[in-house]
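Below is one structure; the comments refer to it alone.
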Amino acid sequence: MLTLHNQVSNSTNFFGNTTPIELIQQYGSPLYVYNEEIFRTRCKELKNLITYPQYAVNYSVKANGNLTLLKIAHEEGLNVDAMSPGEIYVELEAGFSPEQILYISNNVSSNEMLYAIEKNIMVSIDSLSQLELYGKINPNAKVCIRFNPGIGAGHHEKVITGGKKTKFGIDPKYMDEVKKILKKYHLKVAGINQHIGSLFMDSNNYIEGVKSVLSIAEAFDDLEFIDFGGGFGIPYQKLNHEERLDLNELGCRLDDVIYQWTKNYGKQITIKIEPGRYIVAESGILLGTVYAIKQNYNMKYVGTDLGFNVLKRPVMYDSHHDIEIYRESNKPSNQSEIVNIVGNICESGDIIAKQRELPEIFEGDILGVLDAGAYGYCMSSNYNNRLRPAEVLIDTNGHAQLIRRRDTLEDLMRNFQF
Ligand code: LLP
């Protein structure tokens, strides 16, 4: 195999004892592949982010809820957030205890709240109306409140979740109303949380958000925890030598702020963070196969099975993912070319890499879409009645294990009523 175009996966020995071509032969195409070692390393890095002792990392499961990965996160000593009863269900199955789960609810029914309450899972509430509902169904209880600190960050406007243009969190100007509802239902605020948005690469906005939520926290005198949210970014442009987020600098700045604040608050409380992408994005590569290459007017199209049913991020946010090329023959790529890499979905927007300069690609090549572990499989769909791919883990011994099978045609019939 000519392996000139695999420098990132080669540098981490991503595929262990196997190769992308063998994986596709064994498990079919397209295929999500995860590397356990990288996943565990990221868990550890964030566990060691700060020195402040009462500290928890809640892995944000929405980024990737594969049961095996959840079990590994559990082994690494992480806790989890949940965004739905479905996430709670799988987290409990993975071995997390109710105290390790924070249900961050948003516009939910009383039944969904009850699902968490009955399991003794802490619920975070993010509007006055939902606080009223929570009080009615669970008076005299503890609750967590999500505030909107007025600051947002993120790689795209669709993923900025703090600030003045988002549906999330309670505007702190309604603090009096919050307190009235708390009093009416004898609720105790155990914690407050925020999430300013997804993907920051420089720590300033996060630190500003932290300072803002800490000043909001002063309105409550007996908190048990404050959750600063996630958003920790990863470098998606590795082939362009994009720098990593400086965790040392971020950790030191966080420590300073936290130690100072808790001293004034007069009580050591638990500090939580809630990262998803940072933990799992780089542990995942999506493999696909090149089936057809053509020139359509001025553009060369590389036709693959990597439609937006499999990975939605490029189509939804114009996100960039680096691409590697794996080839069985030793046919060289003699030139680089500008191409559109497209999928097999019936929409012209089905482009995974737009006008990308890459070494010449041939039919039969396997492509690797890097950094696809976060918001990849979990946002995939059966659009066009395509089957969602399998997921494979390269374990710490370098062996491949199937951790979710590919959909079958029968799966497509599962919910129909005859
Ligand atoms: N906590 C809350 C309340 C969140 O809403 C999110 C992400 C996180 C934590 C984790 O954020 P992270 O550390 O992963 O940035 N589908 C988009 C990202 C959406 C993020 C939604 N909320 C993407 O593919 O970029």
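Wrap a convex hull around the Cα atoms of the stretch 355-418, take a quarter of its surface area, and give that in square nanometres. Kindly include the intermediate steps, with their values, before the conclusion.
Numbers: hull surface 29.5 nm².
Mean projected area of the Cα convex hull: 7.4 nm².
Can you give the FRET efficiency to the nearest 0.05 for D222 and Y52, using r as the Cβ-Cβ distance and R₀ = 22 Å?
Numbers: r = 19 Å, r/R0 = 0.87.
FRET efficiency, D222 to Y52: 0.70.
Set the Förster radius R0 to 22 Å, insert the Cβ-Cβ distance between Y297 and K331 as r into 1/(1 + (r/R0)^6), and round the FRET efficiency to 0.05.
Values: r = 27 Å, r/R0 = 1.22.
It comes to 0.25.
Counting other beta carbons within 10 Å of each residue's own, what order do H321, H241 fall into, fewest first?
The order, fewest Cβ neighbours first, is H241, H321.
Within the stretch 204-231, whose backbone N sits under 14 Å from a point 7 Å along Cα→Cβ of N264?
Zone members listed by number: 210-220.
Which whole-angstrom value gives the distance between the alpha carbon centres of the stretch 129-190 and the stretch 225-303?
About 25 Å separates the Cα centre of the stretch 129-190 from the one of the stretch 225-303.
Can you give the local net charge around E132? Use residues other than it whose beta-carbon is closer than 11 angstrom to its beta-carbon, Lys and Arg +1, Asp and Glu -1.
Details: positive: K136, K180, K184; negative: E177.
Around E132, the charge tally is +2.
Measuring from label point to label point, each 7 Å out along Cα→Cβ, what is the K136 to D256 span in nm?
Output for this residue pair reads 4.8 nm.
By the scheme Lys and Arg +1, Asp and Glu -1, what is the net charge of all other residues having a beta-carbon under 11 Å from that of Q54?
+1
Fewest to most neighbouring Cβ within 10 Å: what's the order for I170, I403?
Listed from fewest to most nearby Cβ atoms, that is I403, I170.
Roughly what angle does helix 175-184 make with the longest principal axis of the chain, taking Cα atoms, 0 to 90 degrees, to the nearest 10?
70
Calculate how steeply helix 204-217 sits against the longest principal axis of the alpha-carbon atoms of the chain, using the helix alpha-carbon long axis, and give the answer as 0 to 90 degrees to the nearest 10.
For helix 204-217, the angle is close to 30 degrees.
Go through the stretch 266-345 and name the chymotrypsin sites (Phe, Trp or Tyr not before Pro) that are in a DSSP coil and have 10 or fewer other Cβ atoms within 10 Å of their Cβ.
Passing sites in the stretch 266-345 are Y297.
Using a 7 Å offset from the Cα along the Cα-to-Cβ direction at both S97 and S109, what is the distance between the two label points in nm, to one decimal?
Each label point is offset 7 Å from its Cα along the Cβ direction, giving 3.2 nm.
I'd like the FRET efficiency for N384 and E243, computed as 1/(1 + (r/R0)^6) with the beta carbon distance as r and R0 of 45 Å, rounded to 0.05.
Efficiency, rounded to the nearest 0.05: 0.70.
Once the piece of chain linking T396 and E118 is laid out straight, how much longer is it, given 0.36 nm per residue of separation minus the C-alpha distance between them?
Residue separation times 0.36 nm, minus the Cα-Cα distance, leaves 96.3 nm.
Counting other C-beta atoms within 10 Å, which of K71, K272, K158 has the fewest, and how do the rest follow?
K158, K71, K272
Count the DSSP beta bridges whose two residues both fall in the chain, then state the antiparallel fraction as a percent rounded to the nearest 5.
45
Tell me the angle of helix 128-137 to the major Cα principal axis of the chain, expressed in degrees between 0 and 90 and rounded to the nearest ten.
70
Only the coordinates and a few stated rules stand behind these numbers; no lab work does. Note that the coordinates shown come from a computational prediction; the quantities given were computed from them, not determined experimentally. No Cβ is skipped: glycine too gets one built from the backbone with ideal geometry, and neighbour counts run over all protein chains shown.
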